[in-house]
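Participant: One structure coming up, written as structure tokens, with questions to follow.
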Amino acid sequence: MTTITSAPVREVAPPVGRRAIPRKVQAFTFDDRLSLFGSLASSFALVTIGYDHLLDTSGIVGFLVCWYFVFLLVYAGVLSMSNTRALVVERLVTATLYAVAALVVFALGSAVLYTFFQGWHAFVHFGFFTHDMSGVSPTAPLSQGGILQAIAGTVIEVAIAVGVSLPLGIGTAIYMSEVGGRWSRLVQTVVEAMTALPEILAGLFVYVTLIVDVGLPKSGLAASIAMSVTMVPIIARASEVALRIVPRGLREASSALGASHWKTVRKVVLPSARSGLATATILATARGIGETAIVLITSGASSFLTFNPIGNPMNSLPLFIYTAYTTHEPVAIARAFGAASVLLLMVLVLFVATRFLSREKGVAR
Amino acid sequence: MTTATDEALIQSTADGQIMSGWSERAPSPRGGARLEAIEVSAWFGQTQVLDDVSLSMPPATVTALIGPSGCGKSTFLRILNRMHESVPGAQLAGEVRLNGEDIYAPGQRVTRARKRIGMVFQKPNPFPAMSIADNVTSGLALTNIRISRGDRRGLVEDCLNRAGLWREVKDRLGAPGSVLSGGQQQRLCIARALAVEPEVLLMDEPCSALDPTSTRRIEETIAELSSQVTIVIVTHNMQQAHRVSQQAALFLADERAPGGIVECGPTEQLFSNPVDPRTADYVDGRFG
Amino acid sequence: MTIVGNGSPQGVQITPRLPRRLTPGREPSDWIFHGLATTVGLSVLAVTGAIGLFLGYQSIPTLRHYGWHFFTQSNWLPELNQIGIAAVLVGTAEVALIAMFVSFPLALMFALFITDYAPPRIKSWLVSAVDLMAAVPSIIYGLWGFFLLQPHAIDVARWLSQYLGWLPIFHVDTDPNAAVWQQSSYTGSAFIAGLAVSMMAIPLACAVMRAVFDQAPLGEREAAMALGGTRFGVARTVVLPFAKGGIIGGTMLALGRALGETAAVLIIISPEYLIKARILEAGTQTISALIAANFGDATTSQLSALLTAGFVLFLITLTVNTCAAVVIRRSRSGASTDI
Ligand SMILES: Nc1ncnc2c1ncn2[C@@H]1O[C@H](COP(=O)(O)OP(=O)(O)O)[C@@H](O)[C@H]1O
Ligand SMILES: [Mg+2]
């Protein structure tokens, strides 16, 4: 309930008579449009006729590539009839850039949509989300078994990894950017170097030290530790960047009020960097969720649901996808795509969360 | 997060019940404290930027520091509340006495000195992650001073009133500080500095980023505050120095030599009847 | 007062004044805070540093045992005591370079499109698309590359080998003109793996380039425009020269990622330990795929060999990343860019 009546908004009286309408500047003229669509159409016609005859090949990719190049030629020809050279170049570059943008967006869209499309076969079975694969053969129909164990495994492993690497990563970032000291340059250098560590090597490291040398079983915990090895440097570095862009003036204002350093960091610096820190964390989490190489090496694959990350193997979505894929059985591959869709959904949820957080920042600024 | 309390705050104040709790808090000695700089020198790394500056800033007085850019006014001001030492490599000599007590003496907490000697910066810098009301009381939150909710409401209104901002923001105390205009933000920063009850208020070119109307409002604010706290203000604007201050000090630095005070005294005298010829030149705009 | 030379006032008596020693006067809470933060920072330093040292240390026995042969031998046949990374190094480089060959122009043009050409309405959507592209797990690009891309990509591969087969890299050991062509000769190649990896390289490079393009000073842009430059003219004379460092740095960063990529490569390639330039032909191997494929039934000494291979990969990615960081930091545009 609010008791404030908002200040009366004064209506601006519409001007009598002629109303000012914003002019369109830099509009694409009719002529421009005609040459663009004309070139598109004529090149399409040319390629349709000539494609099979001229080039002895087939396939939609080749067709599109040919169409595009013919289009550029035609368009250049049409434009140069009535435009300066600079403008022709400008238009051709624009056409190229639009094509590149369309290609990249199409590639991304096709990867996302294709995964969901193929995952649909598995998605229609409710049991797919509520059952595990214990006692179910990989070739059993989709109505049997499910990926619950992989979902649970991914959630548990990533939760542990985030739980470990978030405080360490942000703590290291605070050390590097706020506290400083004799070693901070070295920490910075090493952390930066470790962001280059290939994930497979982090997995192999944990495998060799903990599983082979110490003799621990393959487990979700081992995977979490390896994930942390890759996530701590990522979080630390991204958080350091987020902390560093907090304006110096805010820190000064806070200490000029008599705040201790800790209070300044806690109440001013961290809240101001909140969205950057959240983004760093979420991106690292998304990275951890999709980390295949690590779980492949360290976690072992259980077919049954387990919540215990320590004593036994633990499945996870990327691992499930990979093992199902290697069977080359159509049913297993359908399951793999089902799992891939769940994986993608998780990433998408995190991604939307990131967008949401960074939007909030936009308003506050 | 804070909107609930802020709404309640707005509600109660809109009803006209001004909280009595705040005024019962022991007020600091009205008129502020005497601040004395004694033979202050300052270095950044190996470069000395201030040499042997002594200045007394009496209570209930506005002291204006004037002089060309780079002569060490900001450095001097930052020495007065121990902000100087937060710059890596910065060093100083001399003493700064607050009511006779050296704030740099061993055993003095740096946070205590800064709390007693508030500062307003050239560029308005409200905390972006806090609402307007939270910005005002941020000094308390930052220095571990607990305050009851009722007192807090009164304090917010009191400080915003003293900074001349209350009427403009009383309907949107829950909004982030960044929605305000530059001049309003600067007055919010003044209110924020006042909330911890400082005995001295330092202002480093507080109006240089503002338009003439906002500048005017801040000058009025300074005039009203001058009876309550000791104010030291750095300004490049001679008229402003003339309007707001009772005493003034001219800083000058020769090329590559450390800066220092050339002349100080009552503003009226410094402007109309300067002793040093360089002061006359500077005041008349002949150099700097 | 006269000032002579570089700054030392002569002839002027300045009483020597010395800075006084200050006690920091720190709050007790700050002692705790600094102590804790330092502990965290130094323990992360210790752990991550130890990992790097451990990997280096583990490589010693392998290098001692195989010597230079480790780098010249192309087979990975532990049973025959033939272990070397010559072929997988070449394979790793091929996959990564193909990925860069595809992704560099796309990332560059996409970034330029976002900053300078896209209608404002869709700009933020495109930025999101790039971020999303970076967040999609690599195994999904692997599935996409294998099931959706490969059937089309082999058409392109065949076309290339038909017309450009006289170039060694486009040669495929089969008759491309046969009426029923041998599709399996074209699948699982470095080319297709590189295409899938480029999906991971594009967003990385594009994000850095976009950030740098956005920083091209407005004043210079407007100056170029005021001289009558078209958008492309502005891009060519102001934006691209300004962003040179960011372009190089972003590309190298993406290269570092492409070199270490595992899952997508593992799904697509057919493993083969051969040093060969024929990128369109089935069969290749990379270091990370080698590790993933062989760690399971490896003995201790083989594990050490795998670790050594991984360490070599790490050294390469580390070098590439460090160069990227240096290039970006050195450049005019990168001073304030964070990668
Ligand atoms: N953080 C710093 N590091 C090194 N030198 C500085 C720093 N801040 C100021 N200086 C130098 O100290 C001198 C005085 O600066 P300042 O006090 O900011 O002057 P003013 O505020 O009077 O314009 C200048 O020569 C300036 O270059
Ligand atoms: Mg200054």
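Participant: Mind listing whichever residues of segment A:154-195 are over 20 Å from C:His34 (Cα atoms) and touching a Gly at 6+ places or on another chain (Cβ under 6 Å)?
Facilitator: A:Ile156, A:Glu157, A:Val158, A:Ala161, A:Val190
Participant: Give the residue, chosen from A:Ala259, A:Ala242, that is open to solvent by less than 20 Å² (accessible area, probe 1.4 Å), part of a helix (DSSP H, G or I) and more than 21 Å from C:Leu42 (Cβ to Cβ).
Facilitator: Only one candidate passes the filter, namely A:Ala242.
Participant: Within segment C:299-321, take every residue that is among the small types (Gly, Ala, Ser) and crowded, with 23+ Cβ neighbours inside 10 Å and give me the one that is nearest to C:His65 (Cα to Cα). Before the answer, list the steps.
Facilitator: If we filter segment C:299-321 for residues that are among the small types (Gly, Ala, Ser), which is where we start, we get C:301, C:304-305, C:309-310.
Imposing the further condition that a residue be crowded, with 23+ Cβ neighbours inside 10 Å reduces the set to C:305, C:309-310.
Working: C:Ala305: 10, C:Ala309: 14, C:Gly310: 17 Å.
Ranking the candidates gives C:Ala305 first.
Participant: A further question on this structure: Could you check segment B:74-107 and list, in sequence order, the residues that are open to solvent by 10 Å² or more (accessible area, probe 1.4 Å) and of a type in the set (D, E, K, R)?
Facilitator: Listed by number, the residues that qualify are B:Arg78, B:Glu85, B:Glu95, B:Arg97, B:Glu101, B:Asp102.
Participant: From (1) of a type in the set (Gly, Ala, Ser); (2) open to solvent by less than 20 Å² (accessible area, probe 1.4 Å); (3) assigned to a helix (DSSP H, G or I), pick out the condition that doesn't hold for C:Ala216.
Facilitator: Only one criterion in (1) of a type in the set (Gly, Ala, Ser); (2) open to solvent by less than 20 Å² (accessible area, probe 1.4 Å); (3) assigned to a helix (DSSP H, G or I) is unmet by C:Ala216, namely (3).
Participant: Ok, one more. What pairs come out if I take residues in segment B:195-221 that are closer than 22 Å to B:Lys73 by Cβ and pair them with residues that are of a type in the set (Lys, Arg) and within 16 Å of ligand 2 (Cβ to nearest atom) whose C-beta lies under 6 Å away, six or more apart or interchain?
Facilitator: B:Ala209/B:Lys123
Participant: Now a separate question. Please work out which residue is farthest from ligand 2 (Cβ to nearest atom), limiting yourself to segment B:257-275 and to residues that are within 14 Å of chain C (Cβ to nearest Cβ) and part of a loop (DSSP other than H, G, I, E, B).
Facilitator: Among those residues, the one meeting the criterion is B:Ala257.
Participant: Yes or no: segment A:252-272 includes at least one residue that is under 25 Å from the mean Cα position of the chain (by Cα) and more than 19 Å from B:Gly139 (Cα to Cα).
Facilitator: No.
Participant: Taking the options A:Ser165, A:Ser177, A:Ser137, A:Ser110, name whichever one is of a type in the set (Ser, Thr, Tyr), within 14 Å of chain C (Cβ to nearest Cβ) and without any contact (Cβ under 8 Å) to a residue 24 or more places away in the chain.
Facilitator: Numbers: A:Ser165 fails: without any contact (Cβ under 8 Å) to a residue 24 or more places away in the chain; A:Ser177 fails: without any contact (Cβ under 8 Å) to a residue 24 or more places away in the chain; A:Ser137 fails: within 14 Å of chain C (Cβ to nearest Cβ).
None of the others qualify; the one that does is A:Ser110.
Participant: Starting from residues that are open to solvent by less than 10 Å² (accessible area, probe 1.4 Å) and of a type in the set (A, V, I, L, M, F, W, C), keep the ones in segment A:325-337 and report whichever is nearest to C:Leu148 (Cα to Cα).
Facilitator: Once the filter is applied, the top-ranked residue is A:Phe337.
Participant: Within segment C:230-297, considering only helices (runs of 4 or more DSSP H) that don't extend past its boundaries, which have at least 2 residues that are surrounded by fewer than 24 Cβ atoms within 10 Å (Cβ to Cβ) and among the β-branched types (Val, Ile, Thr)?
Facilitator: Answer list for segment C:230-297: C:244-260.
Participant: Please specify each residue of segment B:108-143 satisfying the condition of being open to solvent by 20 Å² or more (accessible area, probe 1.4 Å), more than 18 Å from B:Gly183 (Cβ to Cβ) and within 8 Å of chain A (Cβ to nearest Cβ).
Facilitator: Answer for segment B:108-143, where residues must be open to solvent by 20 Å² or more (accessible area, probe 1.4 Å), more than 18 Å from B:Gly183 (Cβ to Cβ) and within 8 Å of chain A (Cβ to nearest Cβ): B:Arg112, B:Arg114, B:Lys115, B:Arg116, B:Ala129, B:Met130, B:Ala141, B:Thr143.
Participant: With the requirement that a residue be within 16 Å of ligand 1 (Cβ to nearest atom) and open to solvent by 10 Å² or more (accessible area, probe 1.4 Å), what does segment B:159-217 give you?
Facilitator: B:Asp204, B:Glu205, B:Cys207, B:Ser208, B:Ala209
Participant: Also, I was wondering about something else. When segment B:42-58 is examined, which residues are found to be out of contact with any helix residue (DSSP H, G or I) (no Cβ under 9 Å at 6 or more places or on another chain) and either surrounded by 19 or more Cβ atoms within 10 Å (Cβ to Cβ) or more than 25 Å from B:Glu101 (Cα to Cα) (or both)?
Facilitator: The initial filter retains those residues of segment B:42-58 that are out of contact with any helix residue (DSSP H, G or I) (no Cβ under 9 Å at 6 or more places or on another chain), namely B:43, B:45-48, B:51-52, B:54, B:56, B:58.
Within segment B:42-58, B:Trp43, B:Gly45, B:Gln46, B:Thr47, B:Gln48, B:Asp51 meet the criteria.
Participant: Given the criteria open to solvent by 40 Å² or more (accessible area, probe 1.4 Å), in contact (Cβ under 8 Å) with a residue 60 or more places away in the chain and either within 12 Å of another protein chain (Cβ to nearest Cβ) or among the aliphatic types (A, V, I, L, M) (or both), does C:Ile192 qualify?
Facilitator: no
Participant: Is there a residue in segment C:154-167 that is closer than 26 Å to A:Ile333 by Cβ and not hydrophobic (A, V, I, L, M, F, W, C)?
Facilitator: Yes: one or more hits.
Participant: Then there's this: I'd like the residue in segment B:25-46 that is modelled with pLDDT of 90 or more and within 16 Å of ligand 1 (Cβ to nearest atom) and, out of all such residues, is farthest from the other protein chains (Cβ to nearest Cβ). It would help to see each step written out before you state the result.
Facilitator: Quick first cut of segment B:25-46, residues modelled with pLDDT of 90 or more only: B:34-44.
Subsequent filtering for residues that are within 16 Å of ligand 1 (Cβ to nearest atom) retains B:37, B:40-44.
Details: B:Ala37: 14, B:Val40: 10, B:Ser41: 5, B:Ala42: 8, B:Trp43: 6, B:Phe44: 11 Å.
Step by step, filter segment B:25-46, then rank; the result is B:Ala37.
Participant: Evaluate segment A:103-116: report whether one residue or more is more than 21 Å from the chain's Cα centre (by Cα) and under 30 Å from A:Ser42 (Cα atoms). Outline the logic, then answer.
Facilitator: Residues of segment A:103-116 more than 21 Å from the chain's Cα centre (by Cα): none.
Checking segment A:103-116: not a single residue is more than 21 Å from the chain's Cα centre (by Cα) and under 30 Å from A:Ser42 (Cα atoms).
Participant: Restricting attention to segment A:297-323, and to residues there that are of a type in the set (A, V, I, L, M) and at the interface with chain C (Cβ under 10 Å from one of its Cβ atoms), which single residue is farthest from A:Phe129 (Cα to Cα)?
Facilitator: Here the residue is A:Ile297.
Participant: Scan segment A:189-201 and give yes if some residue there is within 21 Å of A:Ile294 (Cα to Cα), assigned to a loop (DSSP other than H, G, I, E, B), of a type in the set (Ser, Thr, Tyr) and assigned by TED's automatic domain parsing to the domain that holds A:Ser316, otherwise no.
Facilitator: Yes, the conditions are met somewhere in segment A:189-201.
Participant: Please work out if A:Val269 is open to solvent by 10 Å² or more (accessible area, probe 1.4 Å) and either touching a Pro at 6+ places or on another chain (Cβ under 9 Å) or in a helix (DSSP H, G or I) (or both).
Facilitator: no
Participant: Does A:Gly77 satisfy the criteria of being of a type in the set (Gly, Ala, Ser) and open to solvent by less than 20 Å² (accessible area, probe 1.4 Å)? So that I can check it myself, show each step before the final result.
Facilitator: On the way: of a type in the set (Gly, Ala, Ser): yes; open to solvent by less than 20 Å² (accessible area, probe 1.4 Å): no.
No.
Participant: Within the bounds of segment B:245-256, is there any residue that is assigned to a helix (DSSP H, G or I), in contact (Cβ under 8 Å) with a residue 24 or more places away in the chain and either within 16 Å of ligand 2 (Cβ to nearest atom) or crowded, with 21+ Cβ neighbours inside 10 Å (or both)? If you could, list the steps in order and put the result at the bottom.
Facilitator: So the first thing to find is which residues in segment B:245-256 are assigned to a helix (DSSP H, G or I), and the list is none.
The answer is no; no qualifying residue exists.
Participant: Please go through (1) closer than 22 Å to A:Ser260 by Cβ; (2) within 16 Å of ligand 1 (Cβ to nearest atom) for B:Phe76 and return the number of the only condition it doesn't satisfy.
Facilitator: (1)
Participant: Sort out for me the strands (runs of 3 or more DSSP E) sitting completely within segment B:28-82 that have 2 or more residues that are more than 16 Å from ligand 2 (Cβ to nearest atom) and farther than 23 Å from B:Glu219 by Cα. So that I can check it myself, show each step before the final result.
Facilitator: Numbers: elements: B:35-44, B:47-57, B:62-66.
Strands (runs of 3 or more DSSP E) meeting the threshold: B:35-44, B:47-57.
Participant: What tally of residues in segment B:102-125 results from selecting those that are within 30 Å of B:Ile218 (Cβ to Cβ) and out of contact with any strand residue (DSSP E or B) (no Cβ under 8 Å at 6 or more places or on another chain)?
Facilitator: 8
Participant: Examine segment C:153-165 for a residue that is under 16 Å from C:Ala258 (Cβ atoms), crowded, with 21+ Cβ neighbours inside 10 Å and of a type in the set (A, V, I, L, M, F, W, C), and state whether such a residue exists.
Facilitator: Looking through segment C:153-165, none of the residues is under 16 Å from C:Ala258 (Cβ atoms), crowded, with 21+ Cβ neighbours inside 10 Å and of a type in the set (A, V, I, L, M, F, W, C).
The values are calculated or read from the model by the stated rules, or taken from the named source; none is laboratory data. In this text the structure is predicted, and so the values were computed from the model without any measurement. Quick reminder, even Gly has a Cβ in these numbers, built from the backbone with ideal geometry, and neighbours come from all protein chains shown. Only protein heavy atoms, including side chains, enter the accessible area calculation; ligands, DNA and RNA are left aside. Shrake-Rupley method; radii C 1.70, N 1.55, O 1.52, S 1.80 Å.
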